[in-house]
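Presented below is the structure to which this report refers.
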Amino acid sequence: KKGEIDIIIGPRSALFTPFENIGLIIIDEEHENTYKSESMPKYHAREVAVELARLHGASVVLGSATPSMESYYKAINGEYGLFTLKERLAGGTLPTVYIEDLREEMKKGNRTIFSVRLQELIRDRLARGEQIMLFLNRRGYSGFISCRSCGHVMKCPHCDVSLSKHANGKLVCHYCGYEQPDVTNCPECGSKYILGFKAGTEKVEEGFRKLFGDVPILRMDRDTTKTKDSYEEILSQFMEEKAQVLIGTQMIVKGHDFPNVTLVGVLAADMSLHVSDFHGAERTFQLLTQAAGRAGRGSEPGEVVIQTYDPEHYAIVTAKEQDYESFYSQEIEYRKMMFYPPVWNLLVIWATSLQEERLEKATEKMANHLSVFIKEDELLAKEKIQIVGPTDAAISKINDVYRKVIYLKTKEYDTLVQIKDRMEWYIKDNKDFQNVSIQFDFNPVSGF
């Protein structure tokens, strides 16, 4: 505030530094969903940056190798300027990427976590003294059910998102509330190998040692990075080549530069693809592209193996080619068809309570009131507004607190703001909402 510093570097909260005269705001890796606050107020750093820049007459630079659908949509429609970098900054060629079909591996009798090609390439790198990164894509894991024989994923017939398995033995859609009993045989091919995918970094390390013996391995996941400096420690050990193999979750694929890494294995590309969240394909494309970008950053060319049960999916095919434009053109058609952001805007009303009956009654009343006042308001009645729910949240109960959601979709963001304001007035002194907590979230990035 005294003007003693000119530059601030920090997380999303750094935007609130009391600078008198902002000239430039740079948001690196702007596609990351951590830029959206999960607690109230649920602001998005990108939107705050754009508004701050408007107030100060400043510029905003959004940087990413895999831009968010929202930003690219605005760039294509002329709201943002678009600048593209077609070559790697430090030179070097993009890695060779292989897609391995895990259904075929199973037919060949390979029951290990590693495809035959990945095993061959690992042996080659171990012999040559080069480094290997094995990425276990666990982001957004919510227990989707798939067939190991044909790759069929149990999906909601109404929403085109995968069904999640609940403890009561039912498969549930977190968008419309559709549910069905769990399956023991694949409805597509009849195979009994239809089940949830469960794998952790420890299991990967165990499987690796069985196949390749006692090799120096580092593991990076939530368990191994609990202490303050452990993250830096693991990365510096790998940089100093004290281990030949680094196994980890998404934290290992973010922008790190290890010149001796010439092989990256993506062990479960489908983990983030078939989740009950419409961002699934976008997240998968981003993660696979980022993971592939870790290979061959030095003088030696790199190779990447992507293992999947869904090798034809456009998110995986376009990630192999590192072709963002092709991915975007296919994904935006899906968003248009399903009226999802960025084409339409989405408001999620979260309702929670310790009393299940009170919560059900309150959310039913809210949904009815929404329908009535939208029909009665002349301006709102003219707009296309979809109301979905109330339905159980992705996790319907946490610590004995019951959770329900209502979704509203419409083209104009301001319409959703108007609806939110009306709902706040309705809830304010209404006895039906006593002991019920209500939160509003615009265009959420996760947590369905």
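Regarding segment 375-394, can at least one residue be identified that is under 18 Å from the mean Cα position of the chain (by Cα) and open to solvent by 20 Å² or more (accessible area, probe 1.4 Å)? Break it down into steps so the answer makes sense when it comes.
So in segment 375-394, the residues under 18 Å from the mean Cα position of the chain (by Cα) come out as 393-394.
With open to solvent by 20 Å² or more (accessible area, probe 1.4 Å) added as a condition, the list becomes 394.
Looking for residues that are under 18 Å from the mean Cα position of the chain (by Cα) and open to solvent by 20 Å² or more (accessible area, probe 1.4 Å), one finds at least one in segment 375-394, hence yes.
Inspect all residues belonging to segment 230-242 and state whether any of them is in contact with a Gly (Cβ under 9 Å, 6 or more places away or on another chain), more than 22 Å from THR93 (Cβ to Cβ) and either among the aliphatic types (A, V, I, L, M) or without any contact (Cβ under 8 Å) to a residue 12 or more places away in the chain (or both). Lay out the reasoning, then the answer.
Going residue by residue through segment 230-242, those that are in contact with a Gly (Cβ under 9 Å, 6 or more places away or on another chain) are 234, 241.
Narrowing the set further to residues that are more than 22 Å from THR93 (Cβ to Cβ) leaves 234, 241.
If we keep only those that are either among the aliphatic types (A, V, I, L, M) or without any contact (Cβ under 8 Å) to a residue 12 or more places away in the chain (or both) too, we end up with 234.
Yes - at least one qualifying residue is present in segment 230-242.
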If I filter segment 18-33 for residues that are closer than 23 Å to ASP441 by Cβ and open to solvent by 70 Å² or more (accessible area, probe 1.4 Å), do I get at least one hit? no
Residue under evaluation ASP414, criteria (1) part of a strand (DSSP E or B); (2) among the acidic types (Asp, Glu); (3) surrounded by fewer than 15 Cβ atoms within 10 Å (Cβ to Cβ), criterion not met: (1)
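Would you mind stating whether GLU105 is more than 29 Å from TYR314 (Cα to Cα), more than 20 Å from the chain's Cα centre (by Cα) and either among the charged types (D, E, K, R) or modelled with pLDDT of 95 or more (or both)? Working first, answer last.
Numbers: more than 29 Å from TYR314 (Cα to Cα): no; more than 20 Å from the chain's Cα centre (by Cα): yes; either among the charged types (D, E, K, R) or modelled with pLDDT of 95 or more (or both): yes.
In short, no.
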Just checking, which of LYS404, LYS397, LYS409, LYS420 is part of a helix (DSSP H, G or I), under 27 Å from CYS173 (Cβ atoms) and charged (D, E, K, R)? LYS420
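The values are calculated or read from the model by the stated rules, or taken from the named source; none is laboratory data. None of these values were measured; they are calculated from a predicted model. Using ideal geometry, Cβ is built from the backbone for each residue, glycine included, and neighbour counts are taken over all protein chains shown. Surface accessibility is based on the protein's heavy atoms, side chains included, excluding ligands, DNA and RNA. Shrake-Rupley method; radii C 1.70, N 1.55, O 1.52, S 1.80 Å.
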